[in-house]
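Have a look at the structure below, then the notes.
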């Protein structure tokens, strides 16, 4: 049963939450406007186009904005309750701190579930619409904030033992220039080399077409060149190596969506050929695997933030109000510091990707829980 005190505490938090959410979202939108708004205005984009552009930007900022707003609103709400000695009065009447703040605990869990949905479904869907709208905006106004051509693209296809290099690649058109393809055996010795001035990928047939180049074949025993054939056009079926895959590997791991991370790891799983293991054990995809598990655990940062901010309410003295806020902020800073350290250890192989993503949460809980257990 919901008590009147739960509704009262929730109302106080709700007022601060929307204020902090608007403030944090506004700051991040101002940063994006500083980078892109001038270019949109120069190309005579309408107010409706600009408004829709930033409407699509807002959901992508939610994983960063919501935890920050929740942390600040908790500190402000609990600080107001402590300033008016309302928490002390409730505790004197026999209500524990856990029961006093249980409405906020439920909010932290609901926000974590909401962020999980955003991370797995809404944000990837919104980013696809956002990129499509950017292309539409570029066609109508001439302003394109994205990079349409990738330079110096290389990829080592360990599944098919192929090494790709392209001087330029247009992912949307599937057109590459100055292409070199090295086909190797299982020991890494080159068996065939295809060099072409241009190559086009046909999505319907999953086929690469090379133009104006040559094919050099090597002896599998001595690895010396056997033949050198010049061609005007050469077709090669390849359902594995596509411009989309080259684009994903060309991006930084932080720029990948959750859906794109799953796509890379699924392809890496096919390479590893481990039927009972969803994730590969190779070093190449280690940053993507760490980021994948971090994206799974990151929505639960709202619950972690509640655990951090709760000790602020346990300090009843007004003289120590800033000390309690500083303590909570210090724990939050330690959490992000631990995240970076564990990620570095994961990249160097000291921790598994799953453990590297989970350790900051476990270590912080181990440090924070003893500080407020006696107040509940």
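The values are calculated or read from the model by the stated rules, or taken from the named source; none is laboratory data. Note that this is a predicted model, so its numbers are computed, not measured. Using ideal geometry, Cβ is built from the backbone for each residue, glycine included, and neighbour counts are taken over all protein chains shown.
Numerical summary
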quantity: Subset of segment 182-218 [farther than 17 Å from residue 235 by Cβ and outside any strand (DSSP E or B)]; calculated: 185, 186, 187, 188, 189
quantity: Yes/no for residue 331 being modelled with pLDDT of 80 or more, assigned to a helix (DSSP H, G or I) and in the same structural domain as residue 119 (by TED's automatic domain parsing); calculated: no
quantity: From 105, 69, 45, residue being over 25 Å from the mean Cα position of the chain (by Cα) and modelled with pLDDT of 80 or more; calculated: 105
quantity: Unique match (being out of contact with any helix residue (DSSP H, G or I) (no Cβ under 9 Å at 6 or more places or on another chain) and free of Cβ contacts under 8 Å to residues at least 40 places away in the same chain) among 61, 30; calculated: 30
